[in-house]
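Comments concern the structure below.
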Amino acid sequence: MASEWKKNFTRTLWVADVGDPIDTNLYGSHSFYLDTRYYEVTETLGNLTYAANATNSTVDYISYSHGVFLCNAYAQEVLMRPANLTWRTLGGSIDLDFCAGPTQDKVTKSYQ
């Protein structure tokens with residue numbers, strides 16, 4: 001039962017409205033996710049095959065990462081399920097910033 005929350009994880013994000021935002025952000029929710037996908041390289045042709053569970057230590061994998069930042073002043077809810085990620089907001093405008101990789105550190109630096 002302890003690992004059941006990992007399969008159906010829901011997180012609600014409330015923005016923090018600060019009345020006097022001198023030298024601080026007005027809202028305090030930064031909805032950002034980083035996705036890294038692993039691919040198995042075919043030695044003969046060099047083709048890439050997506051590896052959903054890249055856990056085989058005898059195989060060489062190559063990875064590519066990207067990130068998405070959702071800027072919104074309304075409450076948001078993130079639902080992480082085994083097959084997908086659902087991001088929903090109660091209103092406002094949708095401002096999406098996509099950060100290309102190909103590595104995790106490049107995605108993080110692009111977001112900063």
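The values are calculated or read from the model by the stated rules, or taken from the named source; none is laboratory data. Just so it is clear, the structure is predicted and the values come from calculations on it, not from any experiment. In this analysis, Cβ positions are derived from the backbone assuming ideal geometry, glycine residues included, and neighbour counts consider all displayed protein chains. Note: areas computed on protein heavy atoms with side chains; ligands, DNA, RNA excluded. Shrake-Rupley method; radii C 1.70, N 1.55, O 1.52, S 1.80 Å.
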Scanning the range 63-112 for residues that are in contact (Cβ under 8 Å) with a residue 12 or more places away in the chain and among the charged types (D, E, K, R), the one farthest from residue 13 (Cα to Cα) turns out to be 106
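Residues are listed down the side, and each one gets a yes or a no for (1) part of a helix (DSSP H, G or I); (2) of a type in the set (S, T, N, Q); (3) open to solvent by 100 Å² or more (accessible area, probe 1.4 Å):
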residue	(1), (2), (3)
35	no, no, no
44	no, yes, yes
54	no, no, no
65	no, yes, no
68	no, no, no
79	no, no, no
87	no, no, no
98	no, no, yes
Identify, please: which residue in the range 24-33 is under 22 Å from the mean Cα position of the chain (by Cα) and open to solvent by less than 80 Å² (accessible area, probe 1.4 Å) and is, among those, modelled with the lowest pLDDT? 28
Residue pairs meeting the criteria (Cβ under 6 Å; at least 6 apart or on separate chains; first closer than 24 Å to residue 80 by Cα, in the range 22-33; second at pLDDT below 75): 27/15; 28/16; 29/15
Output the residue which, of all residues in the range 1-17 that are hydrophobic (A, V, I, L, M, F, W, C) and open to solvent by 100 Å² or more (accessible area, probe 1.4 Å), is modelled with the highest pLDDT. 14
When the range 100-112 is examined, which residues are found to be surrounded by 12 or more Cβ atoms within 10 Å (Cβ to Cβ) and outside any helix (DSSP H, G or I)? 101, 102, 103
